[in-house]
Amino acid sequence: MAEIDEVLARAADGGAISAEEALLLYTEAPFHPLAEAADAARRRVIGDNIVTYIIDRNINYTNVCVTACKFCAFYRAPKHEEGWAHPMEEVLRRCGEAVGLGATQVMLQGGHHPDFGVEYYEELFSSVKAEYPELMIHSIGPSEIAHMSKVSGVEIGESIRRIKAAGLDSIAGAGAEMLPARPRTALAPLKESGERWLEIMEAAHLQGLESTATMMMGTGETAAERIEHLRMIRDVQDRTGGFRSFIPWTYQPENNHLKGRTQATTLEYLRLLATARLFFHNVTHLQSSWLTTGKASGQLSLHLGVDDLGSIMLEENVISSAGARHQSRLSELIGLIRSADRVPAQRNTLYERMSVHWTPEDDPTDDRIRSHFSTIVAELQVKAV
């Protein structure tokens, strides 16, 4: 216990801890001291009790994918009768709806379509920027960059340069899942390695494109592999400083090949959040995924080092396809933050605070702003009925 106390104190004060020490905290530290240390680290890094959120829309341009990840319920193989790709007009229509509801960010994501190379993404990003310059494009991930480079026959660095020039503002942490080799190969044998995923992120950071980092928990990975995932990210962050935030989420078990045989418990998820806050001395923001774990655990996470509750995602199809049913109105999300004794604030992609709601009288009241107001999943459910 003395060793655990020393590591907790050092990490809370901003000192670096090793992967072995992080594993010790994750697996053996008493819950309340772990939470208290993580909350102390949050206060030191963030400097106040403000918790942020963002309004955005996740628009999927295609569900056609050649990668066939075993955890994914969204994709369809090429030539599948349920495969589709939205025309540009539809993507822009959905962007317009998002802007009308106050969104400041759009996430454009989709499958690894066999025909979509760099040229497709240049047209996609430039079209959105031309029509809605106020939207920040926080989109795709290293896996899409690897795929588009292969389709177009160009180097990774050239792909990054071109899509940045076309309007991409920030790279999402998509496709990280689990970075260590054993669980990644089991989940997605056709996807690039974790090391390659990080190499592409590093190349983007060096060209001035920052990003987020993510992790999917609950597919059979060990505690040590979860911590190794964190270590791999932290090593890149030491070199580039390009990760704005870390966002772990939990595997959803419906309609995919894994079928929920293994899942992370809420306690495992909360302990991982606290450990991440203490381990990532070089990553400023920590976001919890109420979308996959529920609003109660999202609220509780605010006492374990989390300073961001992510988005009121006006549209989300991928993890909803796998069973994520948690939804929220903006007023409800703000209420969760307030009742956790935190001050809510709307942010943008760069975590700049756009509006701090210092008192309840400052809270926005537009009940049109709610998650999943329009999703392919919901439309399919209606048709099925």
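Of THR284, GLY208, ALA264, whose Cα points farthest to the positive end of the dipole of the chain (charges on the beta-carbon: +1 Lys, Arg; -1 Asp, Glu; origin at the Cα centre)?
ALA264
Suppose each label sits 7 Å from its Cα in the direction of the beta carbon; what would the GLU332-SER355 distance come out to in nanometres?
Between GLU332 and SER355, the label points sit 2.0 nm apart.
With +1 on the Cβ of every Lys and Arg and -1 on the Cβ of every Asp and Glu, and nothing else charged, how large is the dipole of the chain about its Cα centre, in debye rounded to the nearest 20?
560
Please give the length that would be gained between GLU28 and THR284 if that part of the chain were fully extended, namely 0.36 nm times their separation in residues minus their C-alpha to C-alpha distance (nm, one decimal).
Here the answer is 89.7 nm.
Quick one: 3J(HN,Hα) in Hz for the stretch 227-240, Karplus 6.51/-1.76/1.60 with θ = phi - 60°, rounded, Gly and Pro as x.
5, 4, 4, 4, 4, 4, 5, 4, 5, 5, 4, 4, 8, 10
Using a 10 Å cut-off on Cβ atoms, rank the peptides 299-309, 337-347, 280-290 from the highest mean neighbour count down.
Listed from highest to lowest mean packing, they are 299-309, 280-290, 337-347.
Tell me the mean residue ellipticity at 222 nm calculated for the chain from its helices only (DSSP H runs of n ≥ 4, each -39500 (n - 2.57), averaged over every residue, nearest 500).
Result for the chain, helices only: -13500 deg cm²/dmol.
Do any trypsin sites (Lys or Arg not before Pro) in the stretch 65-147 lie in a loop, going by DSSP, with at most 15 other beta-carbon atoms within 10 Å of their beta carbon, and if so which?
Here the sparse-neighbourhood loop sites are LYS70, LYS79.
Antiparallel versus total DSSP beta bridges in the chain: what percent is that, nearest 5?
15
Principal axes first, then extents: for the Cα atoms of the stretch 49-384, list largest minus smallest coordinate on each axis, whole Å, largest first.
Answer, in whole Å and largest first: 53, 45, 44 Å.
Give, in nm to one decimal, the length gained when the segment between ASP362 and ASP5 is fully stretched (0.36 nm per residue of separation minus the Cα-Cα distance).
Full extension from ASP362 to ASP5 adds 124.5 nm.
Sort 53-63, 81-91 for me by packing, meaning the mean count of neighbouring Cβ atoms within 10 Å per residue, highest on top.
Result, highest mean Cβ count within 10 Å first: 53-63, 81-91.
Below 17 Å Cα-Cα, how many Lys pairs turn up in the chain? Only count pairs eight or more apart in sequence, or on different chains, if you could.
Numbers: LYS70/LYS191; LYS70/LYS259; LYS129/LYS164; LYS150/LYS191.
Lysine pairs satisfying the spacing and distance rule in the chain number 4.
I'd like the isolated cysteines in the chain, meaning no second cysteine's beta-carbon lies under 4.7 angstrom from theirs.
Within the chain, the cysteines lacking a partner Cβ under 4.7 Å are CYS65, CYS95.
Every number here is computed from the coordinates shown, using simple stated rules; none is lab data. Values in this document were obtained by computation on a predicted structure and should not be read as measured data. All Cβ positions, glycine included, derive from the backbone under ideal geometry; neighbour counts span all protein chains shown.
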